[in-house]
1. Can you give me the three principal axis dimensions of chain A from its C-alpha atoms, in Å, biggest first?
2. Name the trypsin sites (Lys or Arg not before Pro) in region B:182-215 that are in a loop by DSSP and that have at most 13 other C-beta atoms within 10 Å, would you?
3. For a quick check, take a GNM of chain B with Cα springs below 10 Å and name the residue from B:Leu121, B:Leu282, B:Leu164 with the largest mean-square fluctuation.
4. At what distance in nm do the modelled label points of B:Glu111 and A:Leu279 sit from each other, each positioned 7 Å from its Cα along Cα→Cβ?
5. If I model a spin label as a point 7 Å beyond the Cα along the Cα-Cβ vector, how far apart are those points for A:Leu148 and B:Arg239 in nm?
6. Between rounded, prolate and oblate, where does region B:65-196 land on the alpha carbon gyration tensor, with a ≥ b ≥ c its root eigenvalues, rounded for a/c under 1.5, else prolate if a/b exceeds b/c?
7. Order these by the 10 Å Cβ neighbour count, fewest first: A:Lys82, A:Lys201.
8. Suppose each label sits 7 Å from its Cα in the direction of the beta carbon; what would the A:Phe204-B:His300 distance come out to in nanometres?
Amino acid sequence: MGPGLRRGDTERGESTMSKATYSPGRAIAAHAVLIAYTVVALFPVFVIIINSFKSRKAIFGSPLSLPFGDAFSLVGYETVFKRGDFLLYFQNSLVVTVAALFFVLLFGAMAAFALSEYRFRGNTLTGLYLALGIMIPIRLGTVAILQLMVASGLANTLWALILVYTAQGLPLSIFILSEFMRTVSDDLKNAGRIDGMNEYKIFFRLVLPLVRPAMATVAVFTMIPIWNDLWFPLILAPSEATKTVTLGAQMFIGQFQTDWNGVLSALALAIVPVLVLYLIFSRQLIRGITSGAVK
Amino acid sequence: MGSLQINHVNKAFGATKVLHDINLEVADGEFVIFVGPSGCGKSTLLRIIAGLEDATGGEIRIDGDRVDAVPPAKRGIAMVFQTYALYPHLTVKDNMSAGLKQAGTPHEQIERQVAEASRMLALEPYLKRRPAELSGGQRQRVAIGRAVVRDPKLFLFDEPLSNLDAALRVHTRLEIAKLHRDLKATMIYVTHDQVEAMTLADKIVVMNAGRIEQIGSPMELYNTPQALGVSGAKTIGIRPEHLVLARDGGRWAGRVEHVEHLGADTNVYLATEAAGLVTVRLFGEVYHDTGSTLWISPSHDRFIYRFDEAGQVIR
């Protein structure tokens, strides 16, 4: 190892040292706030999960007690698996979420690359137009969207949902990703051009790996509203074959009587896949941050 | 193996013209350096030669062939960037072979050329590492190696030493000079550092405000400067090393404002009535008290350059 390498190492070491102005008081305060927030945020989830393992009587008798002894019951999960085809609902939700996520990330990143990389007439205007969707809720256009889907024969198909969610996710993803792509070094892209890479290769091989943390952020922000959405599945694809989990769970909620065991069990199960997806992306996110020092 | 002609090249970004009718001839094997203040268009010109930017008008020829419409990868050039621009996810070896792989060069030939270049730049121990595991100087050597591997007609350097510390800068400068001697390749180099320009170049191209002001060998430029930059009044100029100081009489009086001891040299800054702050560079260790009054004279009248209102030299 040459002296040059060691010099580089100490430089990096010093810069991290100087950032860490450590004070125990401030750290404790920050942790207290964060822990309090975590408790508040996780409490409803906790209540759903414990109550999904309890009998109906126990749910209403002592909603906050843990599911032990007499209170324990799997009746909710039995109903979920007996009534309705929940495996299919899960599959539908997953297909819609993953496909929409894929298109949002792909087209969002491509549009962001074009906006940040190329100089063309109307660049700023196009960017503003694409970002407009962040401020205007897509649900305002529900009637028109429904007419469009019926006319094109896409009503009651998963494609209807995938297309709508892609449109819904694109504005924010373009906005966030184009900001990040501006930070990717021009020299790097030019080096690729001189080495004979075409623009697609530069995009996929050089730029995308460097904006991976931003992609993970966008993925999480896009995924959760799609998974949780009830509005569009109810309007565009309410058929038995295309029901999503959130829509499927609604069948336990009746006008006169609600099967709380079924609702809570369905919701508890619905948390699992989205949690798995989140874990995948958050690991990407952390890996992206730690490998971000390459430049 | 690599000559370059630039004929009447213009460049405008919208309404702002950044290059005005550039004409330049670079012979095979020459080391040409573009110098000038930032914003003078030297980097833009280099990017036009590389094909990363289109000229608004004029033509570029490499080895006599017009390349205006040829993509960068097909121009037979290689470029070294200020920020190294190594591919962060590839090893040193893959970084160096990326260009040849893209061009579909046979595997054995890539191996041979990478081995040759890494030997030349002493990069063999690092071939399996990633750029993040290298120091700045090593990264820039890899970037130079990546250019060498491609065996280009034309090497383009865009301020390659600006991100290195002083010691590494000298070291890498020597390495580039040696590379030029060994490869006998044509090199075009952009910098704002006069020392780099003086020490490396066969030919220096001085640029200012989008125009070429002067072309010549380093010593020609030093001895017969043609322009000062626009000053708006008749001015004379004398280099700091061509002035002498005396206590008891001379051409102009000045009060010592500050003295810099560099060891081998001493810079004395004097406030004069005739010309404001004047720098005098003296050889060796010289001591003067700040606030004392000294007399300045040129060591010889031929070292006085006179400039007109537009900053052009009067002969």
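Quick note: the coordinates plus some simple rules give every number you see, no bench work behind them. In this text the structure is predicted, and so the values were computed from the model without any measurement. Ideal geometry is used to build each Cβ from the backbone, glycine not excepted, and the neighbour counts take in all protein chains shown.
1. 72, 60, 32
2. In loop regions of region B:182-215 (DSSP not H, G, I, E or B), the sparsely surrounded trypsin sites (Lys or Arg not before Pro) are B:Lys184.
3. In the Gaussian network model the winner is B:Leu282.
4. That separation, rounded to one decimal, is 4.4 nm.
5. 7.1 nm
6. oblate
7. A:Lys82, A:Lys201
8. 6.7 nm
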